[in-house]
Every structure is written in C-alpha cells, then in structure tokens.
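Asks: Have a look at this one.
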Amino acid sequence: MSGATDSVRKFWHAWTIHPARVRKLWQPPWWQESEGFRDIPCRACRKFDANRQACAVPYGTPSRKCAVAAIEANLNDTAGQSVLEIGYGRWALARNLVRRGGGTWTGIDPRQPQGSPARMGQGNHGHAAAIPFPNASFDLVYGIQTFEHWGQKAGTVMEPSSYADCLHEILRVLKPGGRLYLDAPMHYHGHEMFIMGDVDRLRCLFDNTLWQDIVMERWRREYQPLTRFMPGAKVLAEWPVEISSYPESEANRLMQTGSAWLLTFKARKRSR
Ligand SMILES: C[S@@+](CC[C@H](N)C(=O)[O-])C[C@H]1O[C@@H](n2cnc3c(N)ncnc32)[C@H](O)[C@@H]1O
C-alpha cells in the first residue's frame, strides 16, 4: 500500500468514525475489565479479520493498528465528560470519537505555539509536566503514543520530564474518580522503560494510595498469525542513547528476536 493511500485511509477513518458503531463492535462481555494485566492476542481482537487472517485496520504500522483498536475499545463512551488529550499531535481519531460521543475535548501539546492563555474546548500549548488548567478540571485524561516520549533523552521537542512530575500533574487536573488512559508501543522507541518493555517499572510509577482500578493491556504481544514487527535501522540506532540501566546483551537480544507490541494503561484517581 502506498504512503499516500495510507494517509487517506487514516484521514477518512478519523472523519467517519461513529461512536455508536464503535461501541457495538467493542461491547462486553468480551470487554469485561479486571484489575491487573491482560493480554489481547491478535487473533482474539475484534479488529482481526479471520477470513483474510489480517488486521482489519486499513492503515498504519502494526502498533498504530493496535492503537486504533484500543482507542475504539476504550474511548467510545465520553458523553457529558470533560476530556483532556495530552500530546495530541495531528491525529484526529480519538478527538473525533470523543466529540461525536458527546464529550468536550481539550488538548495540549508542546509543539503548539506558545502565547495565548490555554482554553477549555480547544488545542493549546502545554506539556504533561505543566498542564495549564486548574485542579479537578477533567473526567478523563488520555494520551496516544505520547507517554513513551515524556522522559526520552533524544529527539524530543523539550528536555526530558520526570514521570513522577507528569503523573502528579495528571492527578491534579483529574476530578476525584476521574479516568486516565495511555498507550505506548513497547520494544520500539522512547524512554528506556518502553524500549525494554519493563511493565513492572511502569506499574511502580502508579501509587496505589492515589490510583485505583489499574489495568495494563498488552496488545499484539501474541501476534501470530500476523507478522513480527520491529523498528527500522534508524530507530534502532537511538536505542543505545536511551538505554542506560539495562544490560546491552538484553537490548541486542530484543533487536534480534523481539516483536513490538502496544501497552495500554488505565487507572482511576481515588476519590478520598
Ligand atoms: C508520536 S507523536 C503522537 C501524536 C498523536 N497523539 C498521535 O497518536 O498521532 C508524540 C506527541 O507527543 C508530544 N509530546 C512529547 N513530549 C511531550 C510531553 N512531555 N508532554 C506532552 N506531549 C508531549 C509530541 O509533541 C507529539 O505530538
């Protein structure tokens, strides 16, 4: 598929997404939640086309396809909610789903120009460690393929942030009982925790006295009958810059035999 066709499909999917149709596809009981870890093998995903033995998301890398499936599964029910997207970039899928589902979407991204004061209901300049909104402003905070970049050393728009500072800010702007949803590719790029797939270290960022109902989902970790997916040489060349706390041999092993997958992280701010 050509790059141009891929972009058209991505754009078209974002502009035609329909919350009621999405909710129907992802309805329980398959989608019942339980605390802790949960694997979502490709062959069990609702975007798996058994006839073609292929993913039905018609564009993107394998981890982008998982991001689409996970957005549909997790962000399809935002009626009446005040929603913040962190690191929204240029992709409108989640934003359109939130808006069409009756939520009020607000975004922040450090790439947006600085200047005018941040306003609810629009895209603004801002970053995860300094969210330009008052305490308890949002029912839901989410970020798509941005979490792994907040603390990365190389190639970002800003100095690396501390994950503790970012999560402190997110807690501050969430209402009591408010929901957090993040996704990130593992064994791909970003901060070393994500490259190494260190889900235990990621889990430790979330203090049980502040967060509840924590669920981590591993999409595409079991990818057969689909193909293995790893970054190209340019992205792999960044790994040694990021990795300082893990043995080199472990990173080399991943490069040879690993396959990238998508982590989704969900939690709720405790109501005191
Ligand atoms: C790979 S892009 C993803 C953009 C979009 N969410 C998507 O899925 O296409 C990562 C985004 O995260 C943003 N970003 C990087 N560091 C950030 C930070 N500390 N706080 C908020 N956003 C950040 C970048 O500016 C960029 O727009």
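Here, each number is a calculation from the coordinates, and none is a lab measurement. Small disclaimer: the values here were computed from a predicted structure and weren't measured.
Asks: Need one word for the chain: rounded, prolate or oblate. Basis is the Cα gyration tensor (sqrt eigenvalues a ≥ b ≥ c); a/c below 1.5 gives rounded, then a/b vs b/c decides.
Replies: Rounded, since a/c falls under 1.5.
Asks: Which value in deg cm²/dmol, rounded to the nearest 500, describes the helix-derived mean residue ellipticity at 222 nm for the chain, given -39,500 (n - 2.57) per DSSP H run of n ≥ 4 and division by the residue count?
Replies: -8000 deg cm²/dmol
Asks: Report the gain in length on full extension from VAL235 to ALA14: 0.36 nm times residue separation, minus Cα-Cα distance, nm rounded to one decimal.
Replies: Here the answer is 76.9 nm.
Asks: Please state the relative contact order of the chain as a whole percent: Cα pairs under 8 Å, 6+ residues apart?
Replies: On the way: 505 pairs, mean separation 57.4, N = 272.
Once normalised by length, the contact order is 21 percent.
Asks: Considering only DSSP beta bridges whose two residues both sit in the chain, what percent are antiparallel, to the nearest 5?
Replies: 45
Asks: Which pairs break 26 Å Cα to Cα here: LYS10/LYS234; LYS24/LYS266; LYS47/LYS153; LYS175/LYS266; LYS10/LYS175; LYS65/LYS234?
Replies: Pairs exceeding the cut-off: LYS47/LYS153; LYS10/LYS175.
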